[in-house]
Amino acid sequence: MREISAVVGLSVASAIVASRMVPGASREIVAGMAGPLVAVVATWLVLRRAVRTNPAGVQQVMVGGFVVKLVFFALYVVAVAQFPGFRAQAFAASFGIYFVTLYVIEAV
């Protein structure tokens with residue numbers, strides 16, 4: 001649980017710093033961080049439970065999670081892009097950076 005708290009804290013702190021460095025893009029930066037952060041935290045929680053309750057079924061949980069994430073990210077990006085006055089370029093940069101960084105941290 002400490003890892004999750006650390007990743008959430010660091011993500012929020014980095015979003016605050018990035019928002020100050022790029023004035024006027026705080027909504028897009030936070031939106032770009034939120035989706036990948038929710039997905040990574042949910043994955044950690046689900047996998048932690050799967051390892052405890054059924055270690056042999058972890059692969060099935062991961063495959064199912066992959067499908068859920070595909071749908072989640074597609075719906076998330078479409079929903080976020082509907083915000084009025086939304087700057088897609090700032091969101092795409094934030095989303096890409098957080099997505100890659102958080103999944104590398106999760107893999108390690």
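The values are calculated or read from the model by the stated rules, or taken from the named source; none is laboratory data. A quick note: this is a predicted structure, and the numbers were derived from the prediction, not measured. No Cβ is skipped: glycine too gets one built from the backbone with ideal geometry, and neighbour counts run over all protein chains shown. SASA here: full protein model, heavy atoms, side chains in, ligands and nucleic acids out. Shrake-Rupley method; radii C 1.70, N 1.55, O 1.52, S 1.80 Å.
Points to keep in mind about this one:
- Distance between the 7 Å Cα→Cβ label points at residue 59 and residue 88: 4.0 nm.
- Relative contact order (%) - the chain, alpha-carbon pairs under 8 angstrom, separation at least six: 40 percent
- Protection proxy ranking of 70-83, 20-33 - average other beta-carbon atoms within 10 Å, highest first: 20-33, 70-83
- Region 14-108: C-alpha gyration tensor shape, a/c 1.5 cut-off, then a/b vs b/c: prolate
- Cβ-Cβ distance of residue 46 and residue 97, R₀ of 25 Å, FRET efficiency by 1/(1 + (r/R0)^6): the value works out to about 0.55.
- Protein heavy-atom accessible surface, 1.4 Å probe, per residue over the chain: 65 Å².
- Helical mean residue ellipticity (222 nm; -39500 (n - 2.57) per DSSP H run of 4+; nearest 500) of the chain: -30000 deg cm²/dmol
- With Cα atoms, 0 to 90° folded angle of helix 88-107 axis to the chain main axis: 30 degrees
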